[in-house]
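Undergrad: Encoded as structure tokens, here's the structure I'll be asking about.
The values are calculated or read from the model by the stated rules, or taken from the named source; none is laboratory data. On a predicted model such as this, the values are computed, not experimentally measured, just so you know. Cβ atoms come from the backbone with ideal geometry, glycine included; neighbour counts cover every protein chain shown. The protein model used for the area step is the full one, side chains on, heavy atoms only, and it has no ligands, DNA or RNA in it. Shrake-Rupley method; radii C 1.70, N 1.55, O 1.52, S 1.80 Å.
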Amino acid sequence: MKTLLLLLVLFAFSACHREDPYPELRDPIYEDLLHDLQEKTAARDDAQKQVESLKKSIADSQPRTSERAEDKMALRREEKLYQKLIQEVEYAKIRTERRRVEGRRDYKIAFLKGKEWPDPEEYKRYLLSKKLNSVSESWSSPPKHEK
């Protein structure tokens, strides 16, 4: 009877403190990076549609018209934007995956040491860094207001 009670108590304590198989889902930085990746992917897809639309417009327009010249200039601008967005999406994918891997590693370390994870101070530093990166470096432009 005592052995059964002891096993029941040990089972109850071991069941209360389990390691999370997907700790990145609790990480606010990872969630923000995922959201950023989704926004950049949507912007890239929109730019791709715009490029295709401009190419069709150029193909349908008459040669040596001002409309065609304007469409060609717009196409060059959109193609540059599209290439930039492709790079930003790839960077966001890499950054998100790296955060997922690092988050899992940091969670395992914190779990073994019995510490809190994710670290709220790290998230505050992340938000501050994100805010500072979005600030314009030009003194002549007015400051952006927070949402």
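Undergrad: What are the residues in segment 71-96 that are of a type in the set (Phe, Trp, Tyr) and surrounded by 16 or more Cβ atoms within 10 Å (Cβ to Cβ), if any?
TA: Once the filter is applied, which keeps residues that are of a type in the set (Phe, Trp, Tyr) and surrounded by 16 or more Cβ atoms within 10 Å (Cβ to Cβ), segment 71-96 yields only TYR82.
Undergrad: Follow-up. Go through GLU88, GLU78 for me and flag whichever is within 17 Å of the chain's Cα centre (by Cα), of a type in the set (D, E, K, R) and part of a helix (DSSP H, G or I).
TA: On the way: GLU78 fails: within 17 Å of the chain's Cα centre (by Cα).
Just one listed residue meets the conditions, GLU88.
Undergrad: Shifting gears a bit: Out of all the residues in segment 44-57, is one or more open to solvent by 50 Å² or more (accessible area, probe 1.4 Å), part of a helix (DSSP H, G or I) and either among the hydrophobic types (A, V, I, L, M, F, W, C) or in contact with a Cys (Cβ under 6 Å, 6 or more places away or on another chain) (or both)?
TA: Residues of segment 44-57 open to solvent by 50 Å² or more (accessible area, probe 1.4 Å): 44-46, 48-50, 52-53, 55-56.
Checking the rest, the ones that are also part of a helix (DSSP H, G or I) come to 44-46, 48-50, 52-53, 55-56.
With either among the hydrophobic types (A, V, I, L, M, F, W, C) or in contact with a Cys (Cβ under 6 Å, 6 or more places away or on another chain) (or both) added as a condition, the list becomes none.
Among the residues of segment 44-57, not one is open to solvent by 50 Å² or more (accessible area, probe 1.4 Å), part of a helix (DSSP H, G or I) and either among the hydrophobic types (A, V, I, L, M, F, W, C) or in contact with a Cys (Cβ under 6 Å, 6 or more places away or on another chain) (or both), which makes the answer no.
Undergrad: Give just the number: which of (1) in contact with a Lys or Arg (Cβ under 6 Å, 6 or more places away or on another chain); (2) loosely packed, with under 13 Cβ neighbours inside 10 Å does PRO63 not satisfy?
TA: Going through (1) in contact with a Lys or Arg (Cβ under 6 Å, 6 or more places away or on another chain); (2) loosely packed, with under 13 Cβ neighbours inside 10 Å one by one, PRO63 breaks only (1).
Undergrad: For segment 48-84, give me each residue that is closer than 28 Å to LEU127 by Cα and of a type in the set (A, V, I, L, M). Spell out how you get there, then give the answer.
TA: Start the filter on segment 48-84 by keeping residues that are closer than 28 Å to LEU127 by Cα, which leaves 81-84.
The answer is LEU81, and nothing else.
Undergrad: How many of the residues making up segment 43-66 are on the phi > 0 side of the Ramachandran plot and touching a residue at least 24 places away in the same chain (Cβ under 8 Å)?
TA: So the first thing to find is which residues in segment 43-66 are on the phi > 0 side of the Ramachandran plot, and the list is 64.
Still in the running and touching a residue at least 24 places away in the same chain (Cβ under 8 Å): none.
Residues flagged as on the phi > 0 side of the Ramachandran plot and touching a residue at least 24 places away in the same chain (Cβ under 8 Å) within segment 43-66 amount to 0.
Undergrad: Restricting attention to segment 1-43, and to residues there that are modelled with pLDDT of 75 or more and aromatic (Phe, Trp, Tyr), which single residue is surrounded by the fewest Cβ atoms within 10 Å (Cβ to Cβ)?
TA: Within segment 1-43, the match that is surrounded by the fewest Cβ atoms within 10 Å (Cβ to Cβ) is TYR22.
Every residue, every condition in (1) within 28 Å of GLU31 (Cβ to Cβ); (2) surrounded by 10 or more Cβ atoms within 10 Å (Cβ to Cβ); (3) more than 21 Å from the chain's Cα centre (by Cα), yes or no:
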residue: ARG98; (1), (2), (3): yes, yes, no
residue: GLY114; (1), (2), (3): yes, no, yes
residue: VAL135; (1), (2), (3): yes, yes, no
residue: SER138; (1), (2), (3): no, no, yes
